1. Order by neighbour count: Phe155, Phe170, Phe252, fewest other Cβ atoms within 10 Å first, most last.
2. Rounded to the nearest 5, what is the percent of antiparallel bridges among the DSSP beta bridges in the chain?
3. Express in % the proportion of alpha carbon pairs of the range 1-128 at distances exceeding 23 Å.
4. Starting from the 7 Å offset along Cα-to-Cβ, what nm value, one decimal, do you get for the label separation of Asp17 and Ala33?
5. Just flag the trypsin sites (Lys or Arg not before Pro) in the range 1-103 sitting in loop per DSSP whose Cβ has no more than 15 other Cβ atoms within 10 Å.
6. Under a crude label model (7 Å from the Cα following the beta-carbon direction), how far is Ala190 from Tyr102 in nanometres?
7. From the Cα gyration tensor of the range 53-130, with a ≥ b ≥ c the square roots of its eigenvalues, which class applies: rounded if a/c is under 1.5, or else prolate if a/b is larger than b/c, or else oblate?
8. Determine, from the Cβ-Cβ distance of Leu234 and Arg257 and an R0 of 22 Å, the FRET efficiency 1/(1 + (r/R0)^6), rounded to the nearest 0.05.
Amino acid sequence: MRQLIAGNWKMNGRQADSAALVRAVRDMVEAQAPACELVVCPPSTLLAEVAAALAGSAVAVGGQDCHPLANGPHTGDVSAAMLADAGARWVILGHSERRTSYAESNALVREKAKAAIAAGLTPIVCVGESEQQRLSGAAETVVAAQVDGSLPPGFAGPGFAGPGFAGPGFAGVVAYEPIWAIGTGRGASAEDIAAMHRVIRDQLTDTLGAASGAVRVIYGGSVKPDGAAAILALPGVEGALVGGASLVAADFLAIVRASSRG
Ligand code: PGA
């Protein structure tokens, strides 16, 4: 399965510095034509201009969250349709920073994923356990429940027929991001990553049926140039969601080059 490397810029970036970063990514992709699929997810303020700067390139653009409704009195929120209008084709949903800071439940993430699909966006739904949950032995149960509760019918493609359905060939993505590994420099071990990706794959089959084979499961949490190749070579790892390292062109591009499977 073609690997996906997605950059999550989080709440970082101004017009001046993002222009240089985007140019470097675009130039590299044109020079090296990496086999993996590529997405960068800037903050909403930069979405339209990053999308314009990457237009015609192999790098797509995504948002970092969306509201479950298309329009309305929701001060400060951005809808999936608005992200699509600004040039996004993807959206990250249910990131642990949002699940934690805004108490986002699995049910809410599921509504957001439905809205994203209806707007023609491909959702990247994040799941992952806290350190305490891992230490208490609950990690696999927590993550399986997040997968089961956060994905709407049609996440794997067929079955969702809402307006603007992204069409045949569409399939959402699940990102496994252990919370304790995000932004800490402490990535999970190869064994733990492979084991959790198996749990997620099994849960996807239970939740979505045979069509779930089209859903990619990617890993995130302190993915850096050192170690990226080993993670991306693990069985069941179909890409990476990269936070901090996606803000440094050389680091992000090194991770793209480490992608083992086209
Ligand atoms: P990190 O972030 O690579 O900085 O750990 C990953 C993420 O939160 O998506």
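None of the figures in this text is laboratory data; all of them are computed from the coordinates on show. None of these values were measured; they are calculated from a predicted model. Note: ideal-geometry Cβ built from the backbone for every residue, glycine included; neighbour counts use all protein chains shown.
1. Fewest to most other Cβ atoms nearby, the residues stand as Phe170, Phe252, Phe155.
2. On the way: 0 of 30 bridges.
Of those bridges, close to 0 percent are antiparallel.
3. Taking all Cα-Cα pairs of the range 1-128, the fraction more than 23 Å apart is 30 percent.
4. It is 3.4 nm.
5. The qualifying sites are Arg2, Arg14.
6. Modelled inter-label distance: 3.8 nm.
7. oblate
8. On the way: r = 17 Å, r/R0 = 0.77.
Approximately 0.80, to the nearest 0.05.
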